[in-house]
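Okay, so here's the structure we're looking at.
The values are calculated or read from the model by the stated rules, or taken from the named source; none is laboratory data. Since we're looking at a predicted model, the values are computed, not measured. No Cβ is skipped: glycine too gets one built from the backbone with ideal geometry, and neighbour counts run over all protein chains shown.
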Amino acid sequence: MSDSKPDLKFNEKAQKVIKEMTRFDWSVALLTVAIGSFGVAGMIPDYDKIENEVANIESTEVHETHDHSHAEHSWSYEGDTGPEYWGEFSDTCSTGKFQSPINLSATDIGSNDSFDINYSSSPLTIVNNGHTIQVEGFDEGNSLTIDGKDYELLQYHFHTPSEYTVDGERFPMEMHLVHTGEDGNLAVIGVMIREGAENSGIAPIWDVMPEEAGSAESFSDIQVNPADLVPDDSKYYKLSGSLTTPPCTEGVKWVVMEKPIEFSKTQIEKFQKAHPHNSRPLQDTNGRGIEEGSFSKSALNSKSNGFKLS
Ligand SMILES: [Zn+2]
């Protein structure tokens, strides 16, 4: 697998899947589980796990065929389609051992490697998919390089309250920047959001936020740069986790910034009006190692291949 050429078609498929991820669609959900299997296989050929995932796909298919009660109603954050029942949509949500979110406190300090982000401005495409507000459709080259691998930015979206907690502290909101590698593996940057000053980076996006669920809308006259929503300098936690929504696919490389960015009270309330609560409860750590590192946007600025300002 190490010498195989990038499978672009596969990557395109992965991108499509992730874009559609939170819109409920069974075929897409199944595909995502399948990609999750191959993603894990790409890093560690754990055949037992692949077998389990395949079993999950099979049982999910059976579920889809014989039980339409949930398939028709999608998952949600409350009631009988809420997080404690997500195992009915994908077994991994209830049986996975590397699920997200978890409480973060550094247990394995000493990882000195950082990561590079290469974000630039793109015209805004935004969707209210019924589960969150999501920004997508970035120009090519918006990417993250971590552990020697490149991941392309697919979308970013928001949760309230935060899903991860940092030393037990929960924040009013959290942003997830979701990236995919050529092999379909996922890498997500989490950014905590606390109440404070008005955020000029989110302002033009919130101005056109769709309050009701619907199709994606594009605004060629609104340019947005994801780098505006990343803290300048911050420690970060790195861990292996999962998607925090069904199908809860594992093998996701997570980087969660310790330092929050700020949204004004009005900006937080605007999101909460559209999505009052979209946060998965904390999952078991199961002895997972969490590494701590340092990120500096200004240090990246001085590198030719790093972060770009425009
Ligand atoms: Zn998320």
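For this structure, a couple of remarks:
- Candidates are the residues of region 139-157 that are among the hydrophobic types (A, V, I, L, M, F, W, C) and out of contact with any helix residue (DSSP H, G or I) (no Cβ under 6 Å at 6 or more places or on another chain); the one that is surrounded by the most Cβ atoms within 10 Å (Cβ to Cβ) is LEU153.
Condition check ((1) among the basic types (Lys, Arg); (2) part of a loop (DSSP other than H, G, I, E, B); (3) under 19 Å from ASP147 (Cβ atoms); (4) touching a strand residue (DSSP E or B) at 6+ places or on another chain (Cβ under 6 Å)) across all residues:
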| position | (1), (2), (3), (4) |
| --- | --- |
| SER215 | no, yes, no, no |
| SER220 | no, no, no, yes |
| LYS259 | yes, yes, no, yes |
| LYS270 | yes, no, no, no |
| PRO281 | no, yes, no, no |
| THR285 | no, yes, no, no |
| GLU292 | no, no, yes, yes |
| PHE295 | no, no, yes, yes |
| ALA299 | no, no, yes, no |
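- The condition of being touching a helix residue (DSSP H, G or I) at 6+ places or on another chain (Cβ under 9 Å) and hydroxyl-bearing (Ser, Thr, Tyr) does not hold for SER215.
- When the residues of region 189-198 are filtered to those that are closer than 22 Å to TYR164 by Cβ and surrounded by fewer than 22 Cβ atoms within 10 Å (Cβ to Cβ), the one that is farthest from the ligand (Cβ to nearest atom) is GLY196.
- Residue, nearest to the ligand (Cβ to nearest atom), within region 121-133, restricted to residues that are under 20 Å from ASN225 (Cβ atoms) and touching a helix residue (DSSP H, G or I) at 6+ places or on another chain (Cβ under 8 Å): ILE133
- Being in the same structural domain as ALA213 (by TED's automatic domain parsing), among the aliphatic types (A, V, I, L, M) and either under 25 Å from ALA106 (Cα atoms) or away from the ligand (no atom under 14 Å from the Cβ) (or both) is a description that does not apply to LEU154.
- Residues being part of a strand (DSSP E or B) and surrounded by 22 or more Cβ atoms within 10 Å (Cβ to Cβ) - total across region 240-254: 7
- Test: residue in region 221-233 that is touching a Lys or Arg at 6+ places or on another chain (Cβ under 8 Å) and of a type in the set (A, V, I, L, M): yes
- Some residue of region 166-175 being within 13 Å of the ligand (Cβ to nearest atom), out of contact with any Ser or Thr (no Cβ under 9 Å at 6 or more places or on another chain) and more than 13 Å from PHE271 (Cβ to Cβ): no
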